[in-house]
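The values are calculated or read from the model by the stated rules, or taken from the named source; none is laboratory data. These figures come from a predicted structure and were not determined experimentally. Reconstructed Cβ throughout: ideal geometry from the backbone, glycine too, with neighbour counts over all protein chains shown. What goes into the accessible areas is simple: the full protein's heavy atoms, side chains included, and nothing from ligands, DNA or RNA. Shrake-Rupley method; radii C 1.70, N 1.55, O 1.52, S 1.80 Å.
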Amino acid sequence: MSGDAGLVFHLIPHVHWDREWYRTEPSFRPHLVAMLDDLIPRLEDPGRDGLPTFHLDGQTILLEDYLAARPMMRVRIEGLVRTGRLVTGPWYVLADEQIPSAHALRWNLALGQADQSRLGGSGGVCHSPDAFGHPAVLPDLAATAGLRHAVVWRGVAGTRDLYRWRGPAGGELLVYHLPPAGYEVGAALPADPGELARAWPLIREVLVARATTRHVAVFVGADHHRVHPALPDLARCLAALEPGSEVVISSIDGYFEAVEREVPWDTIPVLRGSLREGGHTWLLQGTFGTRSHLKRRNAELELALERVVEPWIARATRAGGTDRTDLLHQLWRMLLRCHFHDTLCGCCADGVARAMDQRLDDVAEMATSLVRLSVEEVTGLDPDRAREHPDHACSALVCWNPGSRLDPGSVMTAELTLPGPRIGVGPGSEARMVPPNFDPSRSAVVLCDSESKWIIPVQVLDRRWAVERVDAHRHYPLARHVDRIRVAFRGPSVPPDGVHLLHLETARTPRIPRGAVRTARNQVANGEIRITLEENGTLTLDDLRTGMTTRGLFRLTSEVDLGDTYTYSPPSPGTDRWIAVERGPLTARVLASGPLAGVLEGRWMLRLPGHGAIGCRLLVTVLDGEPLVRLRLDLDHQAVNHRLRAWFPTGLPGRVIAGLQVGQEERLPGAAESTAIEMIEPTFPAHRFVAASRGTRGLGVFLPGFFEAEWTEDGEIGVTVLRAVGQLSRGDLTARPGHAGWPTPTPEAQCLGPQHLACVVAPLRDPELRPKRLDRIWERAMLPVRTMWMPR
């Protein structure tokens, strides 16, 4: 800004509160309560040390936590929120924004705004002062929620304080871009005139040089800090140093209202797309690969909640069943508590990651219960009626299409049970133990469509002894030994959100289904594609429709990782980052030979000299009638300080299409970017797919939601399987000098033990790179017709 006359310095009191980070949430909660206990009287007191307003980090969960400990304070909190003195929301949690799905971000805003409203507040700023970059869709989501303003820090390389950020759908946010020192730029300003005179000039120079208008924001607060002890005195001392300017204790909303009165909207520079530029402050993009297994579990659950749980709850409500909307809200709150930018990004203490893992377990279990209850009401499969009228009880297989298009009768898989002897519980139950000679039924099985009397032959994939518990609502659970049978079958045609019931029947002789899947020792084909599991553990894909062959798929590589949970850091320059992997012999066998499903299993050992070893098991599944390869990699991971990635060569250098939370974007090959403050790897956040094609040759890699990817000059798609590191933060990295957090051992971030990666690979042609076509392939891969066995 030219000239300093008539400046208005807005002192904005605030706190940034990581609910969990280098300490767990139970450890931080007493400090949150103490901070608010100290703040509330000052907001209520108009005297010398009182505060006119305070910004509580834009997330309502902090007040939820506080009121859980201090329920008697609710009326006082509501009074402060209603009058704008305590500013909360519009988020429920201050989440990472690039890893969650767009649907999860919508829920985050919706629940935060609902909390806001209950406390008497409204509006607010799309506050995100510490996320590791920002997604392109955020302006559109914010506009839908009625928000016009945002605060960001990382990901914008510009030197101004104000920008307009425009989303793909045209939504716009007026963004305040924090200075390099971030949201704590004014946290240490003293209220002593002499000390302030020495500290203020450097801060002033940076802030004024960035100012678009005469209004200058000075954020006064920091991580887990109580409110500035003498903010009114600081304002008076600062006013004495700035006799030609005005100094006010203000709010973020007040600052935006002031600048909008003075600057024409169309003169503010426009930002588009994702905000992931480096150089302004640390981007810390290594977090996309840290504790990858938790990110993958989160993505699977986001998809399940959006495309399975929500539709079933809505369907049951429409059918006159129980309205479980409040339970759905609770379920989303549970999942969103995993989305804090330190938690979901994995840059946290091991105890925090363990708590997240448990939350994900809780979400999965509650989601399953909600779906089963809804299915019972919609289908009439009442477990109590079955218990009370056993002669009429009939188990059923529920086939439901979660996709947006008609399923014409594709190959489905399901797990069914044939009941055996019951298992007693309680005194005397030992008298009803299973006889030693009991053998579960080995009869041939078929499925029956009771409406059309259509008999559906099945391919048995697996059959084993198990114990089954059948729950009811007015009776104790029923436990029994069962013959558990996993089958593949060609199902009935199911429309979007359509439901079809099938029943299991036994037959004297097996009925063989028709299908084109054929297998050999290390090969499976279905007439459209052929997959060969090679001796080195990679795959060769033959597209039988076009004659194209792609070799070397799913090549596993390991790189030395001397970084921490924030940053991938290679060895010193001139030292090879790649670990020379020693591969043990591969053992291949056929687990399912067709005709509807073919499954290959490959097992081998990777030895990483100096780092450890990894036991690998790869399952390759091909179903009849679809050109998709379903892959699951199971690892016994016993290696440290490395990054493991899977590579998918396309032979197509140039551009690649990467999925976003909404839509897709083109990317060119990247290279490591060295800025003055950190080295940024060429990896990037992707959602759902990365795909490339030229003519009739192409390849797509599909996952349920978020994953870390890379696209190389040679036309290879890389997917991060895991990063194995042992420190929350290190100060001796070649990629980032200085600590990004407090040095804390994180041995569990080495990800030792069982790990897995599941994805789908598909050969593609040019027309299939169009947005709707790629979305359709992803939906077919990730949202096939779901089957649920309802035993009675």
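Which ones in segment 736-782 are buried (at least 20 other Cβ atoms within 10 Å of the Cβ) and among the aliphatic types (A, V, I, L, M)?
The answer is 740, 749, 757, 760, 761, 762, 764, 769, 774, 777, 781, 782.
Please identify the pairs in which a residue from segment 576-587 that is within 17 Å of residue 724 (Cα to Cα) and touching a residue at least 60 places away in the same chain (Cβ under 8 Å) has its Cβ atom under 7 Å from the Cβ atom of a residue that is of a type in the set (D, E, K, R) and open to solvent by less than 100 Å² (accessible area, probe 1.4 Å), counting only partners at least 6 apart or on another chain.
Listed pairs, sorted by first residue: 579/559.
Just the residues that are open to solvent by 10 Å² or more (accessible area, probe 1.4 Å) and at pLDDT 95 or above, please, taken from segment 686-697.
Going residue by residue through segment 686-697, those that are open to solvent by 10 Å² or more (accessible area, probe 1.4 Å) are 687-688, 693-697.
687, 688, listed by residue number.
Working only within segment 530-559, note down all residues that are β-branched (Val, Ile, Thr), open to solvent by less than 20 Å² (accessible area, probe 1.4 Å) and assigned to a strand (DSSP E or B).
Just the residues of segment 530-559 that are β-branched (Val, Ile, Thr), to begin with: 531-532, 538, 540, 546, 549-550, 557.
Still in the running and open to solvent by less than 20 Å² (accessible area, probe 1.4 Å): 531-532, 538, 540, 550, 557.
Result: 531, 532, 540, 550, 557.
Does any residue of segment 725-733 turn out to be touching a helix residue (DSSP H, G or I) at 6+ places or on another chain (Cβ under 9 Å), open to solvent by 30 Å² or more (accessible area, probe 1.4 Å), outside any helix (DSSP H, G or I) and on the phi < 0 side of the Ramachandran plot? Outline the logic, then answer.
Restricting attention to segment 725-733, the residues satisfying the condition of being touching a helix residue (DSSP H, G or I) at 6+ places or on another chain (Cβ under 9 Å) are 725-728.
Restricting the remaining residues to those that are open to solvent by 30 Å² or more (accessible area, probe 1.4 Å) gives 727.
Subset that is outside any helix (DSSP H, G or I): 727.
If we keep only those that are on the phi < 0 side of the Ramachandran plot as well, we get 727.
Checking segment 725-733: at least one residue is touching a helix residue (DSSP H, G or I) at 6+ places or on another chain (Cβ under 9 Å), open to solvent by 30 Å² or more (accessible area, probe 1.4 Å), outside any helix (DSSP H, G or I) and on the phi < 0 side of the Ramachandran plot.
Is it the case, given these coordinates, that residue 68 is open to solvent by 50 Å² or more (accessible area, probe 1.4 Å), in a helix (DSSP H, G or I) and modelled with pLDDT of 95 or more? Before the answer, list the steps.
On the way: open to solvent by 50 Å² or more (accessible area, probe 1.4 Å): yes; in a helix (DSSP H, G or I): yes; modelled with pLDDT of 95 or more: yes.
Here the answer is yes, as residue 68 does meet what is asked.
Restricting to segment 488-520, what's the tally of residues that are more than 37 Å from the chain's Cα centre (by Cα), farther than 15 Å from residue 410 by Cα and open to solvent by 50 Å² or more (accessible area, probe 1.4 Å)?
The total comes to 7.
Starting from segment 151-179, keep only residues that are on the phi > 0 side of the Ramachandran plot and of a type outside the set (Lys, Arg), then list their pairs with residues that are assigned to a strand (DSSP E or B) and open to solvent by less than 30 Å² (accessible area, probe 1.4 Å) whose Cβ atoms are within a distance under 8 Å, requiring at least 6 positions of separation or different chains.
Taking only residues 6 or more apart or on different chains, the pairs are 155/134; 155/275.
Inspect segment 203-212 for any residue being modelled with pLDDT of 95 or more, open to solvent by less than 40 Å² (accessible area, probe 1.4 Å), within 30 Å of residue 36 (Cα to Cα) and not β-branched (Val, Ile, Thr) and give the result as yes or no.
yes
Mind counting the residues in segment 41-65 that are crowded, with 20+ Cβ neighbours inside 10 Å and within 36 Å of the chain's Cα centre (by Cα)?
Result for segment 41-65: 11.
Residues in segment 662-684 that are surrounded by 24 or more Cβ atoms within 10 Å (Cβ to Cβ) and outside any loop (DSSP other than H, G, I, E, B): how many?
Total satisfying the criteria: 1.
So which of 644, 619, 608 ends up being open to solvent by 10 Å² or more (accessible area, probe 1.4 Å), within 26 Å of residue 288 (Cβ to Cβ) and at pLDDT 95 or above? Even if it seems obvious, please write down each step before you answer.
Details: 644 fails: open to solvent by 10 Å² or more (accessible area, probe 1.4 Å); 608 fails: open to solvent by 10 Å² or more (accessible area, probe 1.4 Å).
Result: 619 is the single residue among 644, 619, 608 that is open to solvent by 10 Å² or more (accessible area, probe 1.4 Å), within 26 Å of residue 288 (Cβ to Cβ) and at pLDDT 95 or above.
Is it the case that some residue within segment 248-265 is open to solvent by 50 Å² or more (accessible area, probe 1.4 Å), over 22 Å from the mean Cα position of the chain (by Cα) and among the aliphatic types (A, V, I, L, M)? If you could, list the steps in order and put the result at the bottom.
Start the filter on segment 248-265 by keeping residues that are open to solvent by 50 Å² or more (accessible area, probe 1.4 Å), which leaves 257, 260-262, 264-265.
The next check asks that each one be over 22 Å from the mean Cα position of the chain (by Cα); those that pass are 257, 260-262, 264-265.
Of the ones still in play, those that are also among the aliphatic types (A, V, I, L, M) are none.
No, segment 248-265 contains no residue that is open to solvent by 50 Å² or more (accessible area, probe 1.4 Å), over 22 Å from the mean Cα position of the chain (by Cα) and among the aliphatic types (A, V, I, L, M).
Which members of segment 621-670 meet the condition of being β-branched (Val, Ile, Thr), farther than 29 Å from residue 725 by Cα and in contact with a strand residue (DSSP E or B) (Cβ under 8 Å, 6 or more places away or on another chain)?
In the first step, residues of segment 621-670 are kept if they are β-branched (Val, Ile, Thr); the result is 621-622, 629, 640, 650, 656-657, 662.
Filter again for farther than 29 Å from residue 725 by Cα, leaving 621-622, 629, 650, 656-657, 662.
Listed by number, the residues that qualify are 621, 622, 629, 650, 656, 657.
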